[in-house]
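Working notes, beginning with the structure itself.
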Ligand code: SF4
């Protein structure tokens, strides 16, 4: 698993806590989220090589219907779409990128997806 961070807007923390049926404070404590005042985002560290702590034992997202914009827009992040070498490196740990049985997303579809994900 690729180590990294998952970032949440405050409204996403609210939505996930509600989905899980717990308070926001309990969610942020349980998953050890860090508040980053500069960006006004919560950060969840997934640095132990086990992947995101919100993955189930079956490697599925336990908060799929309310997962954060970062996850809903992957892999259509500007830093990946604008950098072919980085896209290739990302493929090394994400077999879904350029998967032979995958489908091609039109530019308009990607723009729509990103616009929807940025709405609170
Ligand atoms: S999709 Fe779900 S499990 Fe995967 S990184 Fe996002 S929140 Fe975590």
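What follows draws every value from the coordinates through simple rules; no lab data is involved. Bear in mind that the values here come from a model prediction, so they are computed numbers and not experimental data. Cβ atoms come from the backbone with ideal geometry, glycine included; neighbour counts cover every protein chain shown.
Using 0.36 nm per residue of separation minus the Cα-Cα distance, give me the extension gain between residue 101 and residue 82 in nm, one decimal.
4.5 nm
How do 103, 72, 29 rank when sorted from fewest to most other Cβ atoms within 10 Å of their own Cβ?
Exposure proxy ranking, most exposed first: 103, 29, 72.
List the relative contact order of the stretch 1-63 as a percent without decimals, with contacts defined as Cα pairs under 8 Å and 6+ residues apart.
The normalised contact order for the stretch 1-63 reaches 42 percent.
Can you tell me how much longer the chain between residue 91 and residue 56 gets when fully stretched, taken as 0.36 nm per residue apart minus their C-alpha distance, in nm with one decimal?
Contour length minus the Cα-Cα distance gives 10.4 nm.
Quick one: 110, 16, fewest Cβ neighbours within 10 Å first, how do they rank?
110, 16
Can you give the relative contact order of the chain as a percent, counting alpha carbon pairs under 8 Å and 6+ residues apart?
27
Give the peptides 4-11, 79-86 in descending order of average Cβ contacts within 10 Å, highest first.
4-11, 79-86
Across all directions of projection, what mean area in square nanometres is found for the Cα convex hull of the chain?
In nm², the orientation-averaged hull projection of the chain is 8.4.
When only alpha-carbon atoms count, how far does the stretch 65-120 stretch along each of its three principal axes, as whole angstroms with the largest first?
32, 23, 18
For the chain, what does -39500 (n - 2.57) per DSSP helix run (n ≥ 4), summed and divided by total residues, give at 222 nm, in deg cm²/dmol to the nearest 500?
So the calculated ellipticity at 222 nm is -10000 deg cm²/dmol.
How big, in percent, is the set of alpha carbon pairs in the stretch 34-103 lying more than 22 Å apart?
Roughly 34 percent, once rounded to a whole number.
Would you list 28, 56 from fewest to most Cβ contacts within 10 Å?
Listing 28, 56 from fewest to most nearby Cβ atoms yields 56, 28.
What area, in nm² and to one decimal, does the C-alpha convex hull of the stretch 1-42 cast on average over all directions?
Projected area, direction-averaged: 3.3 nm².
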